[in-house]
Amino acid sequence: MNKVELLSSFMTKDSGLSLQVMALKCLRFILAKGMYHFPANANVTLKLFGVINQSDFPPALHFDALRVLCKILPPNLDTIPCTEILTIFFKFLQIVEFKLQSPVISERVFAIHVLACIFDKLLGILKDAAGGIGSIVSSRMLTFTFDRISLLIKLVVDNPHPDKGTEQEVKSLLFILVDLVERHQDLSGIVLDKICIVIEHLVGMLKEITSMTNSVSEDHHITELDKENHISTASRVLIYLSQILITCFEKLDVSTGGATQVFNRMEHLVEHVHHCSLLPVYIHLIYDFLLHFHAAYQCMWLEIGEDLGSNRNFPPSRYSSLSHDGSLSQHEILIVDRVKQILVKKDYWLSYKLAKYAACNGAWLVAAYIFGELIPMVQSDICCIWLKFLSHLSELERKVQLFGLTLSGIAAGEIMTADHIENVIGAANKLCSLEEAFDASVSGLAFSFQRWFITLRSKVVGTVADVLKLLSMNLLSQDATRSTEQIEARILVQHSNSSKGLSSLLQLLAHASSQFMRLVKEFDLLATSFIVMDRKSMKIVSDLGLSCSLLAFSTGLTLRFASFHGKQNCSTYGLETTDEQFHTQLVLDLLRRLGFTDLETSKNLRHLLDFYRSSRSCSMQEFLNEVSTTCVEARDVAKLCKYSVQRFLSLQAILVHENNGTSRIPRDTLQLLFNIIFSWIQIPFRTPKHFFLLRPPISAELIITNEDGKRIDDITVFSGFQLPLTLCIQLRNISPDQLYQVSKLYCILHSRTSFQVFSANRDKKVSESSCQAWKSDHMVGLNDKLLHFTTGTTERDGLHAMENAGGTWAVDKFVCFDPNEKGQGFATCLLNVSAFPVGSYQIKWHSCCIDNNGAYWSLMPLNTNQFFTVQESSNSGQSVRVP
């Protein structure tokens, strides 16, 4: 008998209360110390249930029993037979219902949390179980949860005196639902429907309050103060409910007919909210944004068919806040009128929060209007600069948004001119200028994320615009009255019939694909450089990386297929790698990011991978390691990925099996690229919530010291020797709680013979306030090397010759630090610069930290100027000769 079974044998009424208490405390002790892995079974679980049900047990020990269950039950459910699992679940559901009677809110919330953990695990186990057990559990769990939510909302709203505890319980229950929907996409439809019912019931309750306010009967009359309390509480609950509605929208994956049904349901719901005159204007606005949200995403809710043109005429929602010609739609006019009502009341902080909410949901016209109206209202210079920046950003994003709508209008038979493309190119250039102007106006690291994010956004939009301009080159200037289909045909025939024109086109496509691939890595670096970023913002940034991966894949595969007839290598078009290596990298990266979210697309990508990759270019083990590290769920981009991969796979089949069809390959691939970009640019863009958090990132400063711990600015080494370094790394802008989570610090030192500097450049100092490490040409590469080193996949550490660099030597050195309570780490190392000729050189560096969960986080370098000098004389410096 093991320890758990032994202790659980004492947890029966026959053992006496004191012995049961002692056994439970021993279990808690073992669990807290992590000394034992609990092998749960139905017998042990039911005995713990018995403990919780005993009324003579102290409440604190009931809570301990719940904690033990939370640890032992979810990880071991897959070892228990399905029939017993069902019994355990319903038994535990009864226990939770009993615990919800506790006056202690933390106990009630924790009981729900444990139930949700068990339910989450059960959904994975019972998904394919016989007898529909999974459906039974899901139905019972959701019914229980929504019954509880409805009861609590009634208690909260009916009570004229705010009950913060009960309201917090409602909020906790809704957050649990959000988490379950994010983990189990198939729940989104039924949860969305039930949330709509809850909202309609809540609005109905407020209407009853209105009738009570107007009642002449003293038994049914309430005061104006009580009425305001009712409305205030209901408004907060409606905001909580709106968040889970957005989550359900993001997770729903329905056909055209199903999408129409969902949208009609939402339109009815928002109308219901609008008809409640008691609700404040900002609640109406929030639900207006919900309509904008689903209308903007409407095109990507469709299953992409064989031809994108078949989906281009999907009728927009009558509540869409978007219009093709750039004029205000009826819905936008209503939103702006509501915003004016809030501004007239001089509620500027609420107006700012609504503008932020609009930007985070892609409602750029509303965001631009509010930010612009708030500029004269602030007195602080920095606030004025910030609002001007947000106003200009929103206006530029509105232009990009309108370009996507223009394409949609063209698909319906309207006209596209050269001005349309020039407008989006101009917006991209202005985004870049906006970041530069903002950078010149602010100082410090608090705006690092904003400047970095806008820099990447301008690069993405600019590169997409360049590709569009490339495809339309020498066409629109000759005839500006052609439809989309005529434009496609003219472009493709013109380039594919001219070998010189095609070669020029493909060279520019190769550059664009490389640029998109670079942006993929930059978004990865951005996502790992801000530890405090919330999960939703992290997902948006990661999705942008997936989006760039798709664009890199599409332009790269277009290059591959369109140039196939010439048998030319990628190096012909200015790429550094071979044809096989380049396209393998593109396919692998997209496959790694899709992970297991779309098995069919992943399978098709593997077919493409087998077509391009030889056994020498990439090992399967490296590929499997990459797949296990990243999984991004971006429904809109994933749909476009599915379409793109399917079409490229079809072109590959033509290439392999139909020799007579190869003459059409250049035309077909360029047309496919046009369709992909056509759809990509219509995917709504929104800022992450973290964009509005003005806070300096956790950063690092690297200091070279002497044996006494004093900073050294001038370090020398003899020619032919290694350079000994004593290093100190200091973390900055980190709180004690965050520092506690850091387990290891790593740093890479990198130098090349091409990094030689002269006294004029060496004396330049980069202050902390103007540090823009993300603009460094080497930061992405150094971060990649550091990431591979921390995961054990790197091979190169030391002196090596640079490939294709004409005799250039380079050196890499990885250093590990153990951080102390002050956020400092100390280490020594030897930098092998023995092949460097006499002169002064710069050391570039980058650092990262590993947290207690094993997650990798990049640290922004605060100081970039580290130098050393190689001398021939022997009058200074410490050296170690290379053996």
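Every read-out reported here was derived from the displayed coordinates using simple, explicitly stated rules and does not represent laboratory data. Predicted model, so just to flag it, every value in this text is computed and none were measured. All Cβ positions, even for glycine, are placed from backbone atoms using ideal geometry, and neighbour counts span all protein chains on display.
Using the Cβ-Cβ distance between Arg183 and Asp714 with R0 set to 45 Å, the FRET efficiency from 1/(1 + (r/R0)^6) comes to roughly 0.20.
Site pair Glu436 and Cys816 shows an inter-label distance of 4.5 nm when each label is modelled 7 Å from Cα along Cα→Cβ.
For the peptides 448-460, 810-822, the ranking by mean Cβ contacts within 10 Å, running from highest to lowest, is 448-460, 810-822.
Using the count of nearby Cβ atoms within 10 Å as a rough guide to exposure, how do His201, His583 rank from fewest to most? All intermediate terms of the calculation are to be shown ahead of the outcome.
Numbers: His201 13, His583 24.
So the ranking, lowest neighbour count to highest, is His201, His583.
So which lysines can Lys207 reach, going by Cα to Cα under 21 Å and dropping same-chain residues fewer than 8 places off? Straight-distance partners of Lys207: Lys154, Lys194, Lys227. From most to least packed by mean Cβ count within 10 Å, the peptides 543-551, 425-433, 671-679 give 543-551, 671-679, 425-433. Peptides 269-277, 239-247, 357-365 ranked from most to least packed, by the mean per-residue count of other Cβ atoms within 10 Å: 357-365, 239-247, 269-277. Taking Cβ atoms as reference points and 15 Å as the exclusive limit, the residues near Val104 contribute a net charge of 0, counting Lys and Arg as +1 and Asp and Glu as -1.
Between Asp158 and Cys728, what length comes free when the chain is fully extended (0.36 nm per residue of separation minus the Cα-Cα distance, one decimal in nm)? Walk me through the intermediate numbers first.
Details: separation 570, 0.36 × 570 = 205.20 nm, distance 6.09 nm.
My answer for the length gained is 199.1 nm.
Net charge within 14 Å of Pro736 by Cβ-Cβ distance, Lys/Arg positive one each and Asp/Glu negative one each, not counting Pro736 itself? Taking every other residue near Pro736 into account, the sum is 0.
Considering only Cα-Cα distances, which of the following residue pairs are longer than 25 Å: Lys345/Lys399; Lys345/Lys536; Lys47/Lys99; Lys251/Lys539; Lys251/Lys744? Those over the limit are Lys345/Lys399; Lys345/Lys536; Lys251/Lys744. A full extension of the chain between Phe49 and Gln824 corresponds to an added length of 274.2 nm, given 0.36 nm per residue minus the alpha carbon distance. One chain, two ends: Gln646 and Glu224. Fully extended at 0.36 nm per residue, the span grows by 145.7 nm beyond their Cα-Cα distance. Placing dummy labels 7 Å off each Cα toward the beta-carbon, the span from Ser139 to Ser776 is 6.0 nm.
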